[in-house]
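These notes are about the structure you will find just below.
The values are calculated or read from the model by the stated rules, or taken from the named source; none is laboratory data. The structure presented is a predicted model; accordingly, all values stated were derived computationally and were not measured. Heads up, the Cβs are rebuilt from the backbone with ideal geometry, glycines too, and the neighbour counts pull from every protein chain shown.
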Amino acid sequence: MALPAEPRQKMINLMYLVLTALLALNVSSEILNAFKVVDKSLVTSNENLASANNTLYTSLDAKLKDPMTSEKAKPWNEKAMIAKKNSEDMFKFIEQLKVDLKKEAGEHLEDGVMKYKEDDLEAATRLFGDGKDGKAQGKVLREKLNAYRQSMLGIDKSISDEFSKTLAVDNIEEKVTILDPHGKPKEVDFTNLYFHMTPTVAALTLLSKFQNNVKNAENQVVTYCHNQVGAVKVVYDQFAALVGQSSNYVMPGEEMEITAGVGAYSKAAQPQITINGSSMPVAEDGRASSKFKVSGSGSRTVPVSVTYTKPDGTKETKTFDVKYTVGTPGGAAVMPDKMNVFYIGVDNPVTIGSPTGWDRTTVSVTNATITGNGSNRIVRPANTPGQKAIITVNADKKPTTFEFRIKRIPDPIFKIGSGKPRITAVEFKTQQYCRADLENFDFDLKFNVISATVYFSGANFTSVQQAQLQGNSLASLQNLMSKSGPGTSITFDNIKVQGPDGPRTIDGRSFTLY
């Protein structure tokens, strides 16, 4: 049969065919077990989403108590609490429907375990239908889901603008037109489509899916509220030794400062610090520093040792070699902090040495811009990959030039989940986001996915199905992802990403499920 292009209609049609096939097979035990496996996966996903949501609520509460962010956090925390209350009420209502459905299916205690008739085709019909002896909960469920969606979008106009088309809970029409097994249009209401003559275990799985939609919608809205204040604030409870230096290139007679301490410092860490073999006093913030005049020329190394008490009470010692270079008077120097390459679209830090002092030194660059004062400068090259940026250091009217290649930031790699080309069907179906990662690159940069064309083929697909991806979220692919199974191939093509140097198209990726 020919399937319509609208993704939600596809899902409805496919579910209708699946349920029809189930009835024809008289609901085999294998199919019942498959529903139980899917239901267990959904319950686990709901627990994970609940944990993620609680992290956001905790962070919002911390921002509310922080004087620096409390004013901005207050209105968004209130909106997040509304989303939480709406979601809790909707989730509990569906959970009660599960309890009622099991009772309809003859739930009873047997050998210390609560059991019910999993293949009962009448229980869901009675509970959700409005026929004879029907309790009409299908209509109530549809109305409550629609009301929940409107309530979530009504929390704030910006939330409505952001999620009116992408909220995980869709608006459910009272009746929809589907194609019957013979390809003819047929109008079916919500209750009959999902719950009429449906096995109890299948109806329970569907209710878990609605709960999953609610948890996802809650996460979308609360994440949005949190982002209006700032990123999640993580409280660290681990210690680490840290060592820093004022410069890695100095001239004879200039001063070098080395600082050492403990990250995530607590007085309980009791750090003991030595620099160049000498014990140093530790300040209130857990750091010690040593200043000294450098001499000679060439590479130099200063040993630093930090001993501290870890959270478990044990002692640990970290040793570091702080390396720096002493310049030779009579010539200028430029030391690249990354490599002899400048990348387009990002800040490229360089350290510049002068033999005459900065009052008699000027620095200029061609095919780029340079900012900063003294030794530490930032270079941003022009958008001219393949060409060179030339830095000129004019010390006491003696110019010295240094050449750097201008290169484009390499393309990131499109990834989902572990990023491997072969992943399990279960792992793939639980993914909510994709990403584009830079591998083996010196700069800490982030690329965002803008769009991609996606093709599903292989197992569970009689023909290639095409869909469009917009942004990092995989929400627009959920219908096709839920249909995928072992043997399905998913290809992402024409992938567009946004990086610090602008948008670009990167290589496509294919994933095979097993």
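With respect to (1) in contact with a Lys or Arg (Cβ under 7 Å, 6 or more places away or on another chain); (2) farther than 21 Å from Val43 by Cα; (3) hydrophobic (A, V, I, L, M, F, W, C), the lone exception for Leu121 is condition (1). Only residues that are under 24 Å from Tyr148 (Cα atoms) and not in a helix (DSSP H, G or I) were counted across segment 88-130, and they come to 2. Say whether the condition of being in the same structural domain as Thr58 (by TED's automatic domain parsing), assigned to a helix (DSSP H, G or I) and not β-branched (Val, Ile, Thr) is met by at least one residue in segment 178-186. Among the residues of segment 178-186, not one is in the same structural domain as Thr58 (by TED's automatic domain parsing), assigned to a helix (DSSP H, G or I) and not β-branched (Val, Ile, Thr), which makes the answer no.
Number of residues in segment 466-514 that are farther than 12 Å from Ser451 by Cα and not β-branched (Val, Ile, Thr): the value is 24. Given the criteria surrounded by 15 or more Cβ atoms within 10 Å (Cβ to Cβ) and not assigned by TED's automatic domain parsing to the domain that holds Asp507, does Ile423 qualify? Here the answer is no, as Ile423 does not meet what is asked. Just one of the listed residues (Ile391, Ile450, Ile490) is assigned by TED's automatic domain parsing to the domain that holds Pro349 and either assigned to a strand (DSSP E or B) or free of Cβ contacts under 8 Å to residues at least 24 places away in the same chain (or both), and it is Ile391. When Arg142, Arg149 are checked against the criterion of being assigned by TED's automatic domain parsing to the domain that holds Asn212, basic (Lys, Arg), buried (at least 17 other Cβ atoms within 10 Å of the Cβ) and out of contact with any Leu (no Cβ under 8 Å at 6 or more places or on another chain), a single residue qualifies: Arg142.
Scanning segment 474-495 turns up no residue that is within 30 Å of Asp347 (Cβ to Cβ), surrounded by fewer than 20 Cβ atoms within 10 Å (Cβ to Cβ) and in contact with a strand residue (DSSP E or B) (Cβ under 9 Å, 6 or more places away or on another chain). For segment 29-73, a residue qualifies if it is crowded, with 18+ Cβ neighbours inside 10 Å and among the acidic types (Asp, Glu), and exactly one does: Asp39.
Residues in segment 137-153 that are among the small types (Gly, Ala, Ser) and at pLDDT 90 or above: Ala147, Ser151.
A quick yes/no check of all residues on (1) among the charged types (D, E, K, R); (2) farther than 21 Å from Lys117 by Cα; (3) crowded, with 22+ Cβ neighbours inside 10 Å:
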position: Asp170; (1), (2), (3): yes, yes, no
position: Lys175; (1), (2), (3): yes, yes, no
position: Leu179; (1), (2), (3): no, yes, no
position: His182; (1), (2), (3): no, yes, no
position: Lys186; (1), (2), (3): yes, yes, no
position: Phe190; (1), (2), (3): no, yes, no
position: His196; (1), (2), (3): no, no, no
position: Thr200; (1), (2), (3): no, no, yes
position: Ala203; (1), (2), (3): no, no, yes
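Scanning segment 505-514 for residues that are surrounded by fewer than 17 Cβ atoms within 10 Å (Cβ to Cβ) and charged (D, E, K, R) yields a count of 1.
None of Gly374, Gly353, Gly419 is modelled with pLDDT under 90 and within 30 Å of Tyr514 (Cα to Cα) except Gly419.
The criterion of being in contact with a helix residue (DSSP H, G or I) (Cβ under 8 Å, 6 or more places away or on another chain), among the aromatic types (Phe, Trp, Tyr) and within 27 Å of Glu47 (Cβ to Cβ) does not hold for Phe190.
Per-residue answers, yes or no, for (1) surrounded by fewer than 17 Cβ atoms within 10 Å (Cβ to Cβ); (2) farther than 20 Å from Ser208 by Cβ:
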| residue | (1), (2) |
| --- | --- |
| Ala80 | no, yes |
| Asn86 | no, no |
| Met90 | no, no |
| Ala105 | no, no |
| Asp111 | yes, yes |
